[in-house]
Structure formats: structure tokens, C-alpha cells
Amino acid sequence: MIRILFEFLLPLVLPTLVYAGWMALEKRRAERLGKGEAPSWRDAPWVWLSLAGVVLAALLLFGLALMRDTGNAKGQYVPPRLGEDGRIVPGHVEPRGTQR
């Protein structure tokens with residue numbers, strides 16, 4: 001459920017949330033200065049906000065697809081560790097089936 005939220009819903013809604021924050025700041029500024037008109041939701045650039053959300057979601061999904069572990073690796077990476085004799089055993093890839 002959380003993965004769906006972060007991978008799909010948040011990127012789609014994030015541009016609108018940022019725009020809402022900007023609108024709140026502009027409204028405060030307009031009230032404080034007493035001039036100018038505060039932006040309204042009626043005038044919001046809905047097409048651009050929607051397009052930005054879709055592009056952001058697509059970029060995120062594309063990036064996640066590039067980083068996904070496909071299981072085609074030749075083995076398991078074993079990070080460097082301290083050996084029994086006190087020497088550092090460098091990191092290496094062990095073939096599948098021989099991992100400890």
C-alpha cells in the first residue's frame with residue numbers, strides 16, 4: 001500500500017501540492033501588502049499540473065525499472081570483511097549456490 005502511494009499517487013499529486021503551497025504564500029503576501037489579487041483555484045493551470053504529474057510519475061517508474069534487480073546476476077556480491085587472521089578480505093561475487 002505504501003509502495004503504491006510513493007510510486008504512483010505521490011508523483012501524480014506532487015505538482016498540485018507544490019502549487020497549493022505557492023498559492024498559500026501568494027495569498028498571504030497579497031493580504032499583507034494589501035495590493036494585488038490572490039490566485040484562485042479556478043485560475044489554476046490544471047492541464048500543466050496534470051501533465052507535470054504524469055511526467056514525474058513516468059520518470060520515477062522508468063528510474064525504478066532501471067534499478068530493479070532482475071535476478072540475472074551471475075552470483076551474490078559479498079562485501080569486504082575482516083578475515084580470521086585480521087586481514088581484510090576484499091569484496092567479491094560468489095557464484096550462485098556457494099553463498100554462506
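Computed from the coordinates by the stated procedures, all read-outs in this text should not be read as laboratory data. This one's a predicted model, so the numbers in the text were calculated from it and none came from an experiment. Heads up, the Cβs are rebuilt from the backbone with ideal geometry, glycines too, and the neighbour counts pull from every protein chain shown.
Axis angle, to the nearest 10 degrees, between helix 46-67 and the longest C-alpha principal axis of the chain: 0 degrees. Note on the chain: GNM, Cα springs under 10 Å; of ALA20, ALA57, ALA38, the largest mean-square fluctuation is that of ALA38. The GluC sites (Glu not before Pro) of the chain meeting both criteria, a DSSP state outside H, G, I, E and B (loop) and at most 13 other C-beta atoms within 10 angstrom of the site's C-beta, are GLU37, GLU84. Counting 0.36 nm for each residue step from LEU10 to LEU25 and taking away their Cα separation leaves a gain of 3.2 nm. Computed extension gain for HIS92 through LYS35, at 0.36 nm per residue and net of the alpha carbon distance, reaches 13.9 nm. Among the listed options (1) 32; (2) 55; (3) 14, the one matching percent of Cα pairs over 25 Å apart as calculated from these coordinates is (2). A Gaussian network model of the chain, with springs between Cα atoms under 10 Å, assigns the largest mean-square fluctuation among ARG42, ARG81, ARG32 to ARG81. Taking Cα atoms only, the orientation of helix 10-33 departs from the longest principal axis of the chain by about 40 degrees. For the pair ASP43 and LEU59, the difference between a 0.36 nm per residue extended length and the Cα-Cα distance amounts to 3.0 nm.
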